[in-house]
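The values are calculated or read from the model by the stated rules, or taken from the named source; none is laboratory data. All of these numbers come straight from a predicted model, not from anything done at the bench. In this analysis, Cβ positions are derived from the backbone assuming ideal geometry, glycine residues included, and neighbour counts consider all displayed protein chains. When the accessible area is computed, the model is the full protein with side chains, heavy atoms only, and any ligands, DNA or RNA have been set aside. Shrake-Rupley method; radii C 1.70, N 1.55, O 1.52, S 1.80 Å.
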Amino acid sequence: MQVIRQTEEALARSHQAGLIHGACHTYVGEEAIAAGVCAHLTHDDALFSTHRGHGHALAKGVPPRELIAELFGRVTGCSRGRGGSMHLFSPEVGMMGTSGIVGPCILQATGAGYTFKLLGKPHVGVAFFGDGASNNGAFHEGLNLAAIYQLPTIFICENNQFATEIAITYATRNADIWTKAASFGMPGVCVDGNDSVAVWQAAGEAIARARSGGGPTLIECKTYRTRAHAEGMRDGGYRSAEDVEKWKARDPIKMLAARMPQEQAEFAAIEADVKALVEEAVAFAKASPYPDGITATEHIYA
Amino acid sequence: MRELTFTAATREALTERMAVDPSIFVMGEGIGPRGGNFGTTLGLYEKHGPLRLCDTPIAERGFVGLACGAAMTGARPIVDFMFLDFILDSVGEIFNQIAKMQYMSSGRLKMPVILRGCIGIGSSAATHHSSSYYSVFAHVPGLRVIVPSNPHDAKGLFRTALRSDDPVLFLEHKNILHLKGPVPDESDEYTIPFGLANVARVGRDVTVVSLGLMLRRALEAAEKLAGEGISVEVIDLRTVAPLDMPTVLTSLKKTGRILVVDETFAPFGVGAEVIAQVNERGFDDLDAPPARLNGAHTPTPYSPTLEAAVVPSFDAIAQAIRDVVAA
Ligand SMILES: Cc1ncc(C[n+]2csc(CCOP(=O)(O)OP(=O)(O)O)c2C)c(N)n1
Ligand SMILES: [Mg+2]
């Protein structure tokens with residue numbers, strides 16, 4: 001969680017400094033979800049993400065320097081500078097991509113589940129997506145497919161209560177997204193998405209079930225993003241400052257620390273280590289070269 | 001004359017028309033109280049409320065299909081996609097339903113739908129936020145495809161779209177949306193018909209055909225080349241479907257040389273179509289092989305160095321014009 005938080009904060013500062021060329025949607029406030037789920041995954045498990053995917057990439061094992069370099073448009077980035085924030089790829093660690101289009105990750109994780117079932121492998125496909133995506137056809141089609149074929153796929157809905165500025169309570173008459181699992185005949189679970197231990201427990205059960213042939217699970221994590229939808233965007237008019245403050249007080253990192261008062265020294269040591277790691281990563285990214293323009297049309301075909 | 005941005009110009013047309021035509025409604029993500037990601041509907045929600053400025057879930061296929069049914073039953077839906085890239089989830093509804101409905105009903109149904117979105121490469125938007133696809137849509141019978149290059153034309157063409165009984169794709173390049181240009185007063189009710197290109201610069205040595213952002217770049221190149229003694233005629237297509245070939249052929253008759261400059265892919269694109277028609281109908285007027293200059297045939301990369309490499313630059317356009325003149 002510290003790696004995600006500090007990397008995101010470094011990215012936010014870098015965005016203000018003009019080092020990030022395109023969009024930047026941060027994951028600040030939602031770190032417990034990626035951390036709690038990915039703790040159960042290996043590099044053989046396939047993770048499919050959204051436009052808000054920095055946390056997923058980091059938790060899956062992409063080093064901060066490769067993520068930051070990517071957003072800086074450098075050739076050392078995890079997508080060699082061709083992708084930016086919304087096209088982060090690191091298949092080596094099972095990071096199968098963030099996406100500028102809302103929805104496809106749900107279907108692709110279903111496809112990964114199909115592969116693993118087909119080839120008899122004990123791996124899982126995992127989709128991370130927002131509340132907004134749960135009203136997209138991809139959600140309904142993907143969950144139904146995963147259920148009828150009993151695929152080892154885990155659907156993690158990060159309900160931060162808004163899709164850009166549209167409230168989930170406006171976009172659906174049933175804002176308890178986890179209950180929708182029942183209509184596909186699949187287990188649905190609801191957890192406090194700011195409680196890393198609760199996420200870890202729920203994900204652990206679902207992933208163990210999927211690995212042993214028990215089929216898919218939908219896990220809704222109720223959470224909140226405490227920064228604007230994207231860096232540089234306004235953050236008023238659609239939600240109250242009090243709500244933002246209320247959720248900031250439920251900071252997932254502080255909530256975990258509060259559970260373990262006797263471990264404060266270790267928490268502080270982790271924070272300091274991560275600070276050094278992220279500083280080094282930013283310096284690495286800044287020093288990295290831009291890709292050569294003549295490589296722009298490479299990799300269109302195999 | 002006063003100056004307006006693209007967005008302000010089309011918003012004026014929309015505001016004026018919504019006041020007199022109660023069948024118009026707008027659908028999209030964030031087009032209600034927020035006023036649209038690009039400001040396309042700013043201030044209209046306060047006037048007309050949530051039924052006419054309808055915020056949607058992220059359900060493109062759903063609300064495009066809804067718009068089709070609404071258009072079949074007496075409404076005039078405008079679907080605002082913000083980035084055109086998001087239209088792709090709804091392409092089945094467009095190609096199989098919206099584009100074919102008038103034909104399937106033997107002309108008894110009309111299909112007054114506007115599908116609008118921002119297009120084009122720039123500002124490291126990367127491959128899911130940079131597409132244009134106008135030649136793809138122009139390939140399909142039944143659709144009107146509009147790509148304005150300045151606020152004046154955007155307003156006049158949008159006014160036509162608001163009265164059209166055919167489905168219209170109204171596509172604006174996001175890198176020029178904020179640019180201002182002269183637009184007549186609100187009292188001037190001018191419209192611009194579909195299928196009428198504009199001779200944006202008169203010249204005699206070579207005809208350059210373009211649209212959208214590239215049209216503006218071509219005009220800049222023409223200005224520079226005037227200093228080198230090359231007189232360039234620049235034609236702004238404004239609409240891809242219908243395509244105004246008479247204006248292109250008239251110009252070619254005068255210049256004998258033609259270059260099509262287009263940001264999007266060369267294969268099966270705007271240049272391919274224009275040049276095919278030139279070969280069919282203007283072959284005897286050609287003093288040199290017709291030429292085209294396109295963006296690279298690739299998904300759009302993020303990094304500024306890569307992004308710049310896939311779009312025709314000012315220098316590349318100027319050189320392509322020199323080459324056609326020298327050929
Ligand atoms: C198909 C599609 N439609 C629209 C968009 C524009 N868009 C980008 S992010 C976003 C909101 C997403 O909300 P949610 O799924 O809740 O994720 P969050 O941003 O809250 O994490 C929208 C509408 C898109 N990227 N893809
Ligand atoms: Mg959300």
So what is the relative contact order for the range B:2-183, in percent, with contacts set as C-alpha pairs under 8 Å and at least six apart?
-> 28 percent
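Find the sum over both chains of the accessible area lost when A and B are paired, probe 1.4 Å, and report it in Å² to the nearest 100. Write out the running numbers ahead of the final one.
Values: alone 13320 and 13540 Å², together 24440 Å².
In total, this chain pair buries about 2400 Å².
Per residue, what accessible area does the range B:129-188 have, given a 1.4 Å probe and all protein chains present, in Å²? Numbers along the way, then the final one.
On the way: 1930 Å² over 60 residues.
Accessible area per residue, the range B:129-188: 32 Å².
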Counting only other chains, what is the mean number of Cβ atoms within 10 angstrom of the Cβ of each residue in peptide B:305-313?
-> 5
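Any idea what diffusion coefficient the range B:1-77 gets from Stokes-Einstein, in µm²/s, Kirkwood Rh on alpha carbon pairs, 25 °C, 0.890 mPa s?
On the way: Rh = 13.0 Å.
Diffusion coefficient, whole number: 189 µm²/s.
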Each residue of the range A:289-302 in order: what ³J(HN,Hα) in whole Hz does its phi give by Karplus 6.51 cos²θ - 1.76 cosθ + 1.60, θ = phi - 60°, with x for Gly and Pro?
-> x, 6, x, 7, x, 5, 8, 4, 9, 6, 6, 6, 10, 4
Please list, in chain and number order, the residues 5+ apart from A:THR26 or on another chain whose amide H is under 5 Å from its amide H, with Hs placed from the backbone.
-> A:GLU231
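Could you work out the Kirkwood radius for the range B:242-309, taking every pair of different alpha carbons, averaging 1/r and inverting it, reported in Å? Before the final figure, lay out each step's value.
On the way: mean 1/r = 0.0761 Å⁻¹.
Evaluated over the range B:242-309, this radius sits at 13.1 Å.
Using alpha-carbon pairs under 8 Å, 6+ residues apart, how would you state the relative contact order of chain B in percent?
Values: 704 pairs, mean separation 53.2, N = 327.
Computed value for chain B: 16 percent relative contact order.
With r defined as the distance between the Cβ atoms of A:THR297 and A:HIS43 and R0 fixed at 41 Å, what FRET efficiency is calculated, to the nearest 0.05?
Working: r = 30 Å, r/R0 = 0.73.
Efficiency computed from Cβ-Cβ geometry: 0.85.
Treating only the Cβ atoms of Lys and Arg (+1) and Asp and Glu (-1) as charged, compute the dipole magnitude of the protein assembly as shown about its Cα centre; round to the nearest 20 debye.
For the protein assembly as shown, the charge dipole is close to 740 debye.
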What's the average, rounded to a whole number, of partner chain beta-carbon atoms within 10 Å of each residue's beta-carbon in A:99-105?
-> 5
Viscosity 0.692 mPa s, temperature 37 °C: Stokes-Einstein D of chain B from its Kirkwood Cα radius, in µm² per second?
-> 163 µm²/s
Would you look at the GNM of chain A, springs on alpha carbons closer than 10 Å, and say which of A:LYS254, A:LYS180, A:LYS222 moves the most?
-> A:LYS254
Could you tell me whether the range B:191-286 comes out rounded, prolate or oblate from its Cα gyration tensor? Rule is a ≥ b ≥ c as square roots of the eigenvalues, rounded for a/c under 1.5, then prolate if a/b exceeds b/c, otherwise oblate.
-> rounded
For chain B, modelled as a GNM with alpha-carbon contacts under 10 angstrom, which of B:SER132, B:SER210, B:SER23 fluctuates the most?
-> B:SER23
What is the Cα centroid distance between the range B:12-34 and the range A:179-247, reported in whole angstrom?
-> 35 Å
Between A:ASP235 and A:PHE267, how many nm apart are label points set 7 Å from Cα along the C-beta direction?
-> 2.2 nm
Short version: ³J(HN,Hα) in whole Hz for each residue of the range B:64-79, in order, from phi by Karplus 6.51 cos²θ - 1.76 cosθ + 1.60 (θ = phi - 60°), x for Gly and Pro, what are they?
-> 6, x, 4, 4, 4, x, 5, 5, 6, 10, x, 9, 10, x, 10, 9
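In cubic angstrom, how much convex hull volume per residue do the alpha carbon atoms of the range B:1-40 span? Don't skip to the answer; put the middle values down first.
Numbers: hull volume 3.0 nm³, N = 40.
Cα-based convex hull of the range B:1-40, divided per residue, equals 76 Å³.
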Given a 1.4 Å probe and the protein chains all in place, what does the accessible area of B:MET18 round to, in Å² to the nearest 10?
-> 0 Å²
Under a 10 Å cutoff between Cα atoms, tell me which one of B:GLU280, B:GLU93, B:GLU220 has the largest fluctuation in the Gaussian network model of chain B.
-> B:GLU280
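Using just the Cα positions, wrap chain A in a convex hull and report its mean projected area in square nanometres, one decimal place. Walk me through the numbers before you get to the answer.
Details: hull surface 63.5 nm².
Averaged projected area of chain A's Cα convex hull equals 15.9 nm².
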Pull up all non-local amide H partners of B:PHE25: gap of 5 or more, or a different chain, and H-to-H distance under 5 Å with H placed in the peptide plane.
-> B:ARG76, B:ILE78
Where the range A:153-233 is the region considered: accessible area per residue in Å², 1.4 Å probe | 36 Å²
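Would you calculate a helix-derived [θ] at 222 nm for the protein assembly as shown, using -39,500 (n - 2.57) for each DSSP H run of n ≥ 4 and dividing by the full residue count, to the nearest 500?
Working: 22 runs with 237 residues, N = 629.
Calculated mean residue ellipticity at 222 nm is -11500 deg cm²/dmol.
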Within the range A:104-119, find all residues whose amide N lies under 17 Å from a label point positioned 7 Å from the Cα of A:GLN150 along Cα-to-beta-carbon.
-> A:113-119
Which residues in the range A:244-273 place their backbone N less than 20 Å from a point set 7 Å from the Cα of A:VAL197 along the Cα-to-Cβ direction?
-> A:249-271
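Dividing the convex hull volume of the Cα atoms of the range B:150-191 by its residue count, what figure in Å³ per residue is obtained? If you can, show how the numbers build up before the last one.
Details: hull volume 2.8 nm³, N = 42.
Residue-normalised Cα hull volume stands at 66 Å³.
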Given labels modelled 7 Å from the Cα in the Cβ direction, how far is it in nm from A:GLU205 to B:HIS139?
-> 5.0 nm
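Given R₀ = 25 Å, FRET efficiency for B:VAL91-B:HIS178 by Cβ-Cβ distance, to 0.05?
Efficiency for this residue pair is about 0.30.
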What is the distance, in nm, between label points placed 7 Å from the Cα along the Cα-to-Cβ direction at A:SER212 and at B:GLU3?
-> 7.1 nm
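Can you give the mean number of other chain Cβ atoms that lie within 10 Å of the Cβ atoms in peptide A:128-137? Could the numbers behind the result be given before it?
Working: counts 0, 0, 1, 2, 4, 2, 2, 5, 7, 7.
For this peptide, the per-residue mean of nearby foreign Cβ atoms is 3.
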25 °C / 0.890 mPa s Stokes-Einstein diffusion coefficient of the range B:2-183, Kirkwood radius on C-alpha pairs, µm²/s = 152 µm²/s
Measuring from a point 7 Å past the Cα of A:THR179 along Cα-to-C-beta, which residues in the range A:135-173 have an amide N at less than 14 Å?
-> A:169, A:172-173
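Nothing charged except the Cβ atoms of Lys and Arg (+1) and of Asp and Glu (-1): what's the magnitude of the dipole of the range A:162-267 about its Cα centre? Round to the nearest 20 debye. If you can, show how the numbers build up before the last one.
On the way: 14 positive and 14 negative charges, 52 e Å.
My answer is approximately 260 debye.
Note the per residue figure in Å³ for the convex hull of the C-alpha positions in the protein assembly as shown.
Normalising the Cα hull of the protein assembly as shown by residue number yields 167 Å³.
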How large is the charge dipole for chain B, taken about the Cα centre, if only the Cβ atoms of Lys, Arg (+1) and Asp, Glu (-1) carry charge, to the nearest 20 debye?
-> 440 debye
Estimated FRET transfer efficiency when R0 is 56 angstrom, pair B:LYS254-B:LEU51 (beta carbons, to 0.05) = 0.60
Relative contact order computed over chain A (Cα-Cα under 8 Å; 6+ residues apart), in percent | 23 percent
State the antiparallel share, in %, of DSSP beta bridges confined to chain A, rounding to the nearest 5.
-> 10 percent
